[in-house]
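Student: Sharing a structure below in structure tokens format, with a few things to ask.
The values are calculated or read from the model by the stated rules, or taken from the named source; none is laboratory data. Remember, it's a predicted structure, so these values are computed and weren't measured experimentally. Note that we place each Cβ from the backbone using ideal geometry, even for glycine, and neighbour counts take in every protein chain shown. SASA here: full protein model, heavy atoms, side chains in, ligands and nucleic acids out. Shrake-Rupley method; radii C 1.70, N 1.55, O 1.52, S 1.80 Å.
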Amino acid sequence: MSDSRKEIRICFIGESFVNGTGDPEFLGWTGRVCRSAESRGYAITHYNLGVRAETSRYLKKRWYSEVSYRLPRESDGRVVFSFGANDSGWAGKQQGIELSESIANARSILSQAKQLYPILMVSPPPCGDNQILANLSEEFALVCNELDVPYLDVFSSLLKSPIWLAEAKANDGAHPKADGYAEFAAIVQNWEGWLNWFTP
């Protein structure tokens, strides 16, 4: 029997929060939003391309080769980016990444990607130095507005989430468990930018 559902391939590219680190169900937020879209009648191929401890400097170098290999021209391929937490953390400090480089990397990645695929950008969630991340999220919003890329600020919402904050604190200080990622997923799957990909 043939599958008449619309087939969509989605690459999620970013760091450990894209990977879903800490989730005992191994879904993270990306698996949950794809499961929800599948339940609405779409045939989703979900590629999780999250790399732990990666900064935007290295994501910039790898994203195209990874995505283009998984999204051939004949497919209906989409890309969701979510990065930045590591730029402000120990990895970014070790690599000497300043805010200006994070912004430049985001502009470079998104400028190239939007010429090739439908793309979305999701902010980094709360983690570590939240003042730095708040600034980074605001700067990413400006870049996305400039490039006309839909942008979702999950940082502000999750900073008010007792579940996200409590699970992260009880786990490793940064990553939540299943309920925290479920909160993240709920924000994404109710976002107009995401929903617009799944309209008839």
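Student: Search segment 119-145 for residues being in a loop (DSSP other than H, G, I, E, B) and open to solvent by 60 Å² or more (accessible area, probe 1.4 Å), and hand back the single one that is modelled with the highest pLDDT.
Tutor: Taking segment 119-145 first, the residues in a loop (DSSP other than H, G, I, E, B) are 123-129.
Going one step further and asking which of them are open to solvent by 60 Å² or more (accessible area, probe 1.4 Å), we end up with 128-129.
Working: 128: 75, 129: 80.
Applying the filter and picking the extreme gives 129.
Student: Something else now. Which condition number does residue 56 fail, the rest of (1) over 15 Å from the mean Cα position of the chain (by Cα); (2) open to solvent by less than 10 Å² (accessible area, probe 1.4 Å) being met?
Tutor: For residue 56, the exception is condition (1).
Student: On to the next question. Is there a residue in segment 91-106 that is open to solvent by 10 Å² or more (accessible area, probe 1.4 Å), of a type in the set (Val, Ile, Thr) and within 18 Å of the chain's Cα centre (by Cα)?
Tutor: For segment 91-106, residues open to solvent by 10 Å² or more (accessible area, probe 1.4 Å), of a type in the set (Val, Ile, Thr) and within 18 Å of the chain's Cα centre (by Cα): present.
Student: Just need a number here: residues in segment 2-46 that are open to solvent by 70 Å² or more (accessible area, probe 1.4 Å) and on the phi > 0 side of the Ramachandran plot.
Tutor: 1
Student: Let me ask you something else. Mind listing just one residue for me: the one in segment 73-90 that is farther than 17 Å from residue 134 by Cα and in contact with a strand residue (DSSP E or B) (Cβ under 9 Å, 6 or more places away or on another chain) and, of those, surrounded by the most Cβ atoms within 10 Å (Cβ to Cβ)?
Tutor: Here the residue is 81.
Student: Kindly provide the set of residues from segment 160-181 that are surrounded by 20 or more Cβ atoms within 10 Å (Cβ to Cβ) and of a type in the set (Gly, Ala, Ser), ordered by number. Give the derivation first.
Tutor: So the first thing to find is which residues in segment 160-181 are surrounded by 20 or more Cβ atoms within 10 Å (Cβ to Cβ), and the list is 161, 164, 167-168, 175-176, 180-181.
Listed by number, the residues that qualify are 161, 168, 180.
Student: Condition first: in contact (Cβ under 8 Å) with a residue 12 or more places away in the chain, more than 10 Å from residue 125 (Cβ to Cβ) and assigned to a helix (DSSP H, G or I). Now tell me which residues in segment 167-180 satisfy that.
Tutor: The answer is 167, 178, 179.
Student: State whether one or more residues within segment 118-127 are small (Gly, Ala, Ser) and in contact (Cβ under 8 Å) with a residue 24 or more places away in the chain.
Tutor: Filtering segment 118-127 for residues small (Gly, Ala, Ser) gives 123.
Those still in the list that are in contact (Cβ under 8 Å) with a residue 24 or more places away in the chain too: 123.
Yes; the residues of segment 118-127 include at least one that is small (Gly, Ala, Ser) and in contact (Cβ under 8 Å) with a residue 24 or more places away in the chain.
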